[in-house]
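**Q** To start, I am sharing the structure in question, which I have written as C-alpha cells.
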Amino acid sequence: CGKGIKYLSEKISLLNQLNSFNLSYNSIRDEGVKFLSEWIGLQTKLTFVDVSNNKIGMKGIKYLSDQIPKLKCISSLNISYNNIGPNGAKYFGDGIKELVSL
C-alpha cells in the first residue's frame with residue numbers, strides 16, 4: 001500500500017521547479033499522501049495541486065494540511081471527492097487559514 005506513490009515521491013524529489021501537480025483519479029490513500037506531502041512542502045513555486053477523486057481520508061488530509069502553510073504561491077488546491085470527513089475538513093481549514101493566495 002502506497003508503494004507506487006512512495007516511488008513517485010522519491011523520483012520527483014529531484015524536481016524543484018514544478019508549478020503544477022495533478023494526481024487526480026489515482027486511488028491515492030493516506031499513506032501515499034504522507035509521502036507526497038513531504039515533497040509538496042518543499043515546493044516553493046507550486047501554484048496548482050489537484051489530488052481530487054482519490055481515497056484520501058482524515059489522516060491523509062492532515063499530512064497535506066500540515067504542509068499547506070509552506071505553499072506561499074499556491075492559488076488552487078483541489079481535494080474534492082475524497083473521504084476526509086468533518087475532522088479532515090477542520091484540518092484542511094486550519095492549514096489554509098494562513099494563506100491569502102487561495
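The values are calculated or read from the model by the stated rules, or taken from the named source; none is laboratory data. These numbers come from a predicted model, not from an experiment. A quick note on method: Cβ atoms are made from the backbone with ideal geometry, for glycine too, and the neighbour counts reach across all protein chains shown. Surface accessibility is based on the protein's heavy atoms, side chains included, excluding ligands, DNA and RNA. Shrake-Rupley method; radii C 1.70, N 1.55, O 1.52, S 1.80 Å.
**Q** Sort out which residues of the stretch 26-51 are part of a loop (DSSP other than H, G, I, E, B) and out of contact with any Phe, Trp or Tyr (no Cβ under 9 Å at 6 or more places or on another chain), and write them in order of number. Even if it seems obvious, please write down each step before you answer.
**A** If we filter the stretch 26-51 for residues that are part of a loop (DSSP other than H, G, I, E, B), which is where we start, we get 26-29, 41-47, 51.
If the condition is that a residue be part of a loop (DSSP other than H, G, I, E, B) and out of contact with any Phe, Trp or Tyr (no Cβ under 9 Å at 6 or more places or on another chain), then ASN26, SER27, ILE28, ARG29, GLY41, LEU42, THR44, LYS45, THR47 are the ones that fit.
**Q** Here is a follow-up. Quick check on the stretch 90-102. Is at least one of its residues in contact with a Pro (Cβ under 8 Å, 6 or more places away or on another chain) and part of a helix (DSSP H, G or I)? Write out each step before concluding.
**A** To start, the set of residues in the stretch 90-102 that are in contact with a Pro (Cβ under 8 Å, 6 or more places away or on another chain) comprises 95, 98-99.
Filter once more, keeping what is part of a helix (DSSP H, G or I): 95.
Yes, some residue in the stretch 90-102 is in contact with a Pro (Cβ under 8 Å, 6 or more places away or on another chain) and part of a helix (DSSP H, G or I).
**Q** So, one more: Those residues that are closer than 15 Å to SER24 by Cα and surrounded by fewer than 15 Cβ atoms within 10 Å (Cβ to Cβ), I need them from the stretch 50-102; list them, please.
**A** SER76, ASN78, SER80, TYR81, ASN83 - these are the residues of the stretch 50-102 that are closer than 15 Å to SER24 by Cα and surrounded by fewer than 15 Cβ atoms within 10 Å (Cβ to Cβ).
**Q** Taking the condition more than 14 Å from the chain's Cα centre (by Cα), within 18 Å of ILE96 (Cα to Cα) and touching a residue at least 12 places away in the same chain (Cβ under 8 Å), does LYS59 pass? Talk me through it step by step, then tell me what you get.
**A** Working: more than 14 Å from the chain's Cα centre (by Cα): no; within 18 Å of ILE96 (Cα to Cα): yes; touching a residue at least 12 places away in the same chain (Cβ under 8 Å): yes.
So LYS59 does not fit the description; no.
**Q** State which residue is most open to solvent (accessible area, probe 1.4 Å) when the search covers only the stretch 22-47 and only residues that are under 10 Å from the mean Cα position of the chain (by Cα) and of a type in the set (A, V, I, L, M, F, W, C).
**A** Here the answer is PHE35.
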